[in-house]
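As structure tokens, the structure follows; a few thoughts come after it.
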């Protein structure tokens, strides 16, 4: 009887959990800083490595790059003023990973998005990532990442 009751409760909890709104977390910054700053050149590799890990674990990717997120100006107008345009958001459902990326990137805004936002609202793209011109002499022993590497991480509508 106790086991049966436990299973019923468990089923109810699972049912409720499935109905709960998705929690999203975001890092927002200037596109040039995110994609073109030498300090952040490892971001592309970190994102690719996360995708590889998720494939090994048979998990769906839980993060996206959202250029000019529509929700920024609508829901956070004061924060939006702090970000040089064009901007980009790295969003994820993994709070711990977003915290790690915040520490890694440093000069970004962290925003916990409201749970009443739908996935479509969270992933709404309001612009594009500009083409960046290489500045200065490249001195690293490897080539720069190819512009547009981020396209595979954009939301697919």
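What is the residue count in the range 8-34 for residues that are modelled with pLDDT of 85 or more and farther than 22 Å from residue 113 by Cβ?
Final tally of qualifying residues: 1.
Yes or no: the range 95-105 includes at least one residue that is more than 12 Å from residue 27 (Cα to Cα), out of contact with any helix residue (DSSP H, G or I) (no Cβ under 7 Å at 6 or more places or on another chain) and surrounded by 15 or more Cβ atoms within 10 Å (Cβ to Cβ).
No; the residues of the range 95-105 include none that is more than 12 Å from residue 27 (Cα to Cα), out of contact with any helix residue (DSSP H, G or I) (no Cβ under 7 Å at 6 or more places or on another chain) and surrounded by 15 or more Cβ atoms within 10 Å (Cβ to Cβ).
Might you let me know whether the range 125-141 holds any residue that is at pLDDT below 95 and part of a helix (DSSP H, G or I)?
no
Just need a number here: residues in the range 45-63 that are surrounded by fewer than 18 Cβ atoms within 10 Å (Cβ to Cβ) and within 29 Å of residue 78 (Cα to Cα).
1
The conditions are (1) farther than 16 Å from residue 151 by Cα; (2) assigned to a helix (DSSP H, G or I); (3) within 12 Å of the chain's Cα centre (by Cα), and residue 111 fails exactly one of them. Which is it?
Unmet for residue 111, out of (1) farther than 16 Å from residue 151 by Cα; (2) assigned to a helix (DSSP H, G or I); (3) within 12 Å of the chain's Cα centre (by Cα): (2).
From the list 56, 68, 45, 78, pick out the single residue that is modelled with pLDDT of 95 or more, closer than 26 Å to residue 135 by Cβ and out of contact with any helix residue (DSSP H, G or I) (no Cβ under 8 Å at 6 or more places or on another chain).
Only one candidate passes the filter, namely 68.
The values are calculated or read from the model by the stated rules, or taken from the named source; none is laboratory data. For clarity, every value in this text was computed on a predicted model and none was experimentally measured. Reconstructed Cβ throughout: ideal geometry from the backbone, glycine too, with neighbour counts over all protein chains shown.
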